[in-house]
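Values quoted throughout were computed directly from the atomic coordinates according to the rules given, and no laboratory measurement underlies them. Just so you know, these numbers come straight off a predicted model, no measurement behind them. Here the Cβ is made from the backbone with ideal geometry for all residues, glycine too, and neighbour counts use every protein chain on show.
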Amino acid sequence: MTESPIFGEHYHGSSTRQIAESAWRGYETISQVGIRGYEGPEFFEFTDDVGLTVFTKRNVAERGIVDTIEAAAADSDAVYLTFDIDSVDPSVAPGTGTPEPVGLSAHEALQVMEVAGTHPTGRRRRSHGDVAPVRPDRVDTDPRSQHTRDTLGAEVRRKMTAAVE
């Protein structure tokens with residue numbers, strides 16, 4: 001789980017490992033929400049071994065996105081929010097690096113930002129966040145699809161900016 005057989009050690013999917021292995025944080029301080037596509041037994045054995053908290057898309061469907069985000073941030077004294085556009089269903093956000101069906105809806109994506117913006121840690125402790133990755137080379141050529149993805153990305157970014165100011 002530390003290296004991709006295709007992309008090597010440092011790639012867009014290795015950010016969680018890089019954060020967890022930094023001098024400041026460990027896996028037990030990280031939660032991932034909306035995970036789907038690589039939910040094999042090895043992945044869950046790894047998460048159990050290192051203490052990484054994972055809420056799959058199935059968990060989100062069962063609990064609801066608001067409850068899931070609140071659970072992911074529970075007992076936190078600060079939140080760094082990274083929003084991966086790959087978590088959104090590709091029918092809503094085409095042009096991602098790893099499109100997987102049954103992703104978050106546009107409404108759920110925006111709710112993530114709304115809940116994060118009202119987390120009890122307060123705005124003063126949540127000063128960072130990012131939105132990634134959009135792959136323009138993988139975008140549907142239909143301008144309506146591009147517009148939908150671009151509009152959602154802009155709105156997620158706007159809500160995130162409002163939450164961290």
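I'd like the FRET efficiency for A154 and F46, computed as 1/(1 + (r/R0)^6) with the beta carbon distance as r and R0 of 35 Å, rounded to 0.05.
0.50
What spacing in nm lies between the two simple spin-label points modelled at D130 and S76, each 7 Å away from Cα in the Cβ direction?
Between D130 and S76, the simple spin-label model gives 1.6 nm.
Starting with the fewest neighbours, write out K57, K159 ranked by other beta-carbon atoms found within 10 Å of each beta-carbon.
Sorted ascending by nearby Cβ count, the order is K159, K57.
Testing the spin-label approximation: label points 7 Å from Cα along Cα→Cβ at T118 and S105. State their distance in nm.
1.8 nm
Give me the distance in nm between label points sitting 7 Å out from Cα along the Cα-to-Cβ direction at V66 and S15, one decimal.
In this crude label model, V66 to S15 measures out at 2.7 nm.
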